[in-house]
Amino acid sequence: MGRSLVFLASAPVKFSRELNWVPPLGQKLRQSFPRTTRQVSLGGFLKFPSFSANQGRTLSVRAVVSSDTSYPKVGATSTGPIPGSQLAEVVETAAKTGAQVVMDAVNKPRNIFYKGLTDLVTETDKMSEAAILDVVRKNFPDHLILGEEGGIIGDSSSGYLWCIDPLDGTTNFAHGYPSFAVSVGVLFQGNPAAAAVVEFVGGPMCWNTRMFSATAGGGAFCNGQKIQSSKTDLVEQSLLVTGFGYEHDDPWATNMELFKDFTDISRGVRRLGAAAVDMCHVALGVAEAYWEYRLKPWDMAAGVLVTSSK
């Protein structure tokens, strides 16, 4: 199982490594980790405090190692009446269709709009989502769909939910920075069943793509080749990845402290700016772990299945 940490601010952080010692409650994470190498094991939890709207910006970072070593399965146990191979084919076609829209625009001037102070959206986001929707609705007109730009459409009684991020990493795309993707995942009865993430690699004048895909119980692949996450079990030998949201609130401030703390005890922490890409890099084995606060369903529906599939 890949070592992806994906969680909401109100939920415990699920971390696929457990230290073989317990840091004192109330101490900062940096103070709790000794500088010597520590062995870690898969399947543990690191729990961080939850947040409420009326809290101030004076939170200290606390970590408690849980004795609970279980790690819940992410993928759906069944794809329902639709065969997994059929779902996978449509998911991959939808992601490729959206990616073609992005590729057609990647070397052209961008029309940029703002959803917030620094939260961008482009015409390409909207065009990519429209193209993906056409594929999904043509094949499964009775399914429920959640798109980042268009919201919820379709039959709310359906057992299937499609989560679409037509351009994950819009700010990177707007600047021509090579860390963005098209992400399409479908859930059956609330659990990921099939996923595809088309990552853009290279850079201006040499753009290319690679596609990550997965089905529940069917393994994870990159361009059709089976992939495996890293076997590294030492934090001090690990490269970690995280992300930061647009709201500079308590979770953002706490994650900044975690960024500093994990930089102290690991080989480094990267911040690329596209959650789906980050998770796929963990699945590929080029990074050992990823965590981020306040991800939306479209951010993680595809990437979390790719990362957790064996």
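Just so it is clear, none of the values below were taken in a lab; they were calculated from the coordinates. It should be emphasised that the depicted structure is a prediction, and the values quoted were computed from it without experimental measurement. Cβ placement follows ideal geometry from the backbone for every residue including glycine, while neighbour counts extend to all protein chains displayed.
Proximity of backbone amide H atoms, modeled 1.01 Å from N, is registered between L272 and T242 at under 5 Å, excluding neighbours fewer than 5 places apart on the same chain.
Here the peptides 266-272, 283-289 are ranked by packing, the mean other Cβ count within 10 Å, and the order with the highest first is 283-289, 266-272.
For the residue pairs K126/K310; K73/K296; K138/K231; K73/K231; K73/K226; K231/K260, the alpha carbons lie more than 30 Å apart in K126/K310; K138/K231. For the pair A253 and D142 in one chain, pulling the backbone fully straight at 0.36 nm per residue adds 35.8 nm over the alpha carbon distance.
The peptide list 187-193, 149-155, 73-79, put in order of mean Cβ contacts within 10 Å with the highest first, becomes 187-193, 73-79, 149-155. In plain terms, the chain from E89 to S157 could stretch by 22.1 nm, reckoned as 0.36 nm per residue minus the Cα-Cα distance. Our compactness index for the range 84-217, the C-alpha radius of gyration over the empirical 2.2 N^0.38 Å, is 1.03. A straight Cα-to-Cα reach below 20 Å connects K96 with the aspartates and glutamates D104, E123, D125, E129, D134, E148, E149, D165, D168, E199, D278, D299, residues fewer than 8 places away in its own chain not being considered.
For the peptides 158-164, 209-215, 273-279, the ranking by mean Cβ contacts within 10 Å, running from highest to lowest, is 273-279, 209-215, 158-164.
For L167, the residues whose amide H sits under 5 Å from its own are S183, ignoring neighbours fewer than 5 places away on the same chain, with H placed 1.01 Å from N.
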